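What follows is a single structure, written as structure tokens, with notes after it.
The values are calculated or read from the model by the stated rules, or taken from the named source; none is laboratory data. Quick caveat: nothing in here was measured; it's all calculated off a predicted structure. Please note: Cβ atoms are built from the backbone with ideal geometry, for glycine as well, and neighbour counts cover all protein chains shown.
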Amino acid sequence: MVMHRFANPARFLRFAAVALPWFSAAAVLCMAAGLAFGLFVSPADYQQGETVRIMYVHVPSAWMAMFAYTVVAGGSISALVWKHPLGEIVARAAAPIGTGFTLVCLVTGALWGKPMWGAWWVWDARLTSVLVLFFLYLGYMALLGAFDDPVRGGRAASILAIVGLVNVPIIKWSVDWWNTLHQPASVARMDGPAIHSSMLVPLLLMAAGFACYFAAVLLLRVRAEVAARRIRTLRLAAMEAES
Amino acid sequence: MTRKRRRLLVLVVALGLLGSATALMLAAFQDSLVFFYSPSDLQAKGAPGDRSFRLGGLVEASSVTRSADGRTIAFRVTDGAHAVPVTFRGILPDLFREGQGVVTEGRMRPDGTFEARDVLAKHDETYMPREVADALKKAGRWKEGEGLRPTAVPGPAAAGGGRS
Amino acid sequence: MIDRLAAFLAMGGHGGFVWGAYATAAIVLLAILAASLLRVQREERALQRLAEAGGRRGGRARGPAGPAA
């Protein structure tokens with residue numbers, strides 16, 4: 001129920017003003033440390049050699065792509081069910097960031113697949129479901145602007161975002177449910193990570209950096225969204241005053 | 001409050017239906033969602049006719065032979081239970097070696113040999129430095145192409161000193 | 001020294017793939033950050049101008065903080 005306290009945009013802006021510098025600093029620090037460990041300290045892999053370093057940007061962006069989508073869907077649920085004004089604002093603000101993470105995940109995955117697998121792209125269940133995630137983001141953002149009435153656009157986009165939520169567990173477990181070219185999970189496994197600690201450190205540092213980046217940019221975009229809404233209300237009020 | 005409750009209820013029911021519908025659909029299309037067949041799948045269901053399909057598994061140890069001109073390569077793809085002979089003419093990915101996972105695409109010849117047009121390397125989810133891999137192999141605790149079994153080995157991190 | 005730098009940049013012969021991946025991530029993340037900063041600046045300035053204009057007219061200067069939709 002803590003989230004309810006921040007559901008009020010004015011209160012959220014006060015929280016954002018305090019949190020933004022911290023998230024920004026943490027993002028810069030974690031990413032700098034992650035790059036230093038990922039490029040210089042961590043060793044080459046026993047079978048993939050230096051190419052394994054692509055993992056340090058590919059895997060965190062994949063995690064954040066799924067996390068950001070969950071934020072979009074969560075915001076949409078709170079907007080549809082409880083009519084929280086902040087729910088839709090957060091969902092709208094998170095979508096472009098998540099699209100960016102998905103794009104990074106797809107491109108770096110192709111750049112990793114070509115030298116290691118021998119193919120830029122294959123239509124296996126993991127790669128296909130991540131491509132579906134990318135299209136869900138694009139569809140969500142297209143629907144937001146597809147109606148003259150922003151309320152209707154917001155509602156249609158929210159419904160799409162919630163429906164698309166089923167894709168998130170499919171992405172996560174696609175590598176376990178079906179034969180895929182993509183290897184199964186290395187970190188989030190029942191029996192502990194299958195990554196040597198010297199490679200796990202840069203991976204987790206980059207993941208923390210990407211998460212803080214997401215939080216910081218999300219706060220920025222929420223601020224912009226709240227300002228845009230106030231502008232709309234002020235214009236409406238001014239028009240009413242004149243008529 | 002009741003309207004919010006009703007909206008929440010509608011949403012939960014809708015999501016439940018959507019989830020079960022998706023699960024049913026995915027279960028129904030199970031076969032076409034599979035990227036490759038294993039040798040055991042072929043044994044059980046037979047090759048899908050003259051159609052091109054993918055066969056995946058591990059390159060069987062000491063099964064790789066090259067033709068005199070070195071361009072045609074023959075090996076066996078195994079999943080432990082069954083093995084299928086494969087021939088391939090072309091450039092292999094860097095990761096191709098005995099014990100390594102591969103996914104090959106091609107047709108089954110009438111003589112039971114799989115004629116591959118394309119060979120992709122499939123690597124597993126273990127990542128570790130060369131020295132750790134060598135040390136684990138030397139100690140006989142791990143074989144390449146085989147996942148680490150934490151029941152026997154307390155994770156690769158333990159071998160390198162300390163799990164983070 | 002130069003040799004070690006060259007070896008580092010070569011990334012075991014797959015330098016194009018590794019550096020391409022890092023460059024993609026950097027470009028996309030920085031582009032989103034820049035676009036978001038510009039948008040915040042634009043919207044908050046516009047809001048300020050509008051609020052000042054409203055204030056001069058002596059009308060309701062403060063935008064309601066609650067539900068805007």
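Of note:
- Within region B:33-43, if we keep just the residues that are at the interface with chain A (Cβ under 10 Å from one of its Cβ atoms) and part of a helix (DSSP H, G or I), the residue that is farthest from A:Ile170 (Cα to Cα) turns out to be B:Asp41.
Here is a yes/no grid of residues against (1) touching a Cys at 6+ places or on another chain (Cβ under 6 Å); (2) surrounded by 18 or more Cβ atoms within 10 Å (Cβ to Cβ); (3) closer than 30 Å to A:Pro169 by Cβ:
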| site | (1), (2), (3) |
| --- | --- |
| B:Gly49 | no, no, no |
| B:Leu55 | no, yes, yes |
| B:Val59 | no, yes, no |
| B:Ser62 | no, no, no |
| B:Thr72 | no, no, no |
| B:Val77 | no, yes, no |
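- Exactly one residue out of A:Arg152, A:Arg189, A:Arg223 is in a helix (DSSP H, G or I) and facing another protein chain (nearest Cβ under 9 Å), and it is A:Arg223.
This table checks each residue for (1) touching a residue at least 12 places away in the same chain (Cβ under 8 Å); (2) surrounded by fewer than 22 Cβ atoms within 10 Å (Cβ to Cβ).
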site: A:Ala125; (1), (2): yes, no
site: A:Gly145; (1), (2): no, yes
site: A:Asp148; (1), (2): no, yes
site: A:Gly153; (1), (2): no, yes
site: A:Ala157; (1), (2): yes, no
site: A:Pro169; (1), (2): no, yes
site: A:Met190; (1), (2): no, yes
site: A:Ile195; (1), (2): no, no
site: A:Ala211; (1), (2): yes, yes
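- Selection within region B:1-38: residues that are aromatic (Phe, Trp, Tyr) and surrounded by 15 or more Cβ atoms within 10 Å (Cβ to Cβ). The member of this set that is nearest to B:Val103 (Cα to Cα) is B:Phe36.
- Taking region B:1-19 as the range and being modelled with pLDDT under 85 and among the small types (Gly, Ala, Ser) as the test, only B:Ala14 passes.
- In this structure, B:Ala68 does not satisfy being without any contact (Cβ under 8 Å) to a residue 40 or more places away in the chain and surrounded by 12 or more Cβ atoms within 10 Å (Cβ to Cβ).
- The single condition from (1) at pLDDT 85 or above; (2) surrounded by fewer than 20 Cβ atoms within 10 Å (Cβ to Cβ) that B:Thr104 fails is (2).
- The residue of region A:83-111 that is nearest to A:Pro9 (Cα to Cα), among those that are at pLDDT 95 or above and within 14 Å of chain B (Cβ to nearest Cβ), is A:Gly109.
- Within region B:113-144, the residues that satisfy the criterion of being among the basic types (Lys, Arg), farther than 13 Å from A:Met199 by Cβ and outside any strand (DSSP E or B) are B:Lys137, B:Lys138, B:Arg141, B:Lys143.
- Here A:Leu200 passes the criteria (1) more than 8 Å from chain B (Cβ to nearest Cβ); (2) part of a helix (DSSP H, G or I); (3) among the aliphatic types (A, V, I, L, M) except the one numbered (1).
- Of all residues in region A:102-120, those being without any contact (Cβ under 8 Å) to a residue 12 or more places away in the chain and under 14 Å from C:Ile27 (Cα atoms) number 1.
- Of residues in region A:172-186 being in contact (Cβ under 8 Å) with a residue 12 or more places away in the chain and in a helix (DSSP H, G or I), the one surrounded by the most Cβ atoms within 10 Å (Cβ to Cβ): A:Ser174
- Selection over region C:1-54 of residues that are under 28 Å from A:Pro43 (Cβ atoms) and not small (Gly, Ala, Ser) gives a count of 17.
- Selection within region A:201-237 - farther than 24 Å from A:Thr99 by Cα, touching a helix residue (DSSP H, G or I) at 6+ places or on another chain (Cβ under 7 Å) and among the aliphatic types (A, V, I, L, M): A:Val201, A:Ile231, A:Leu234
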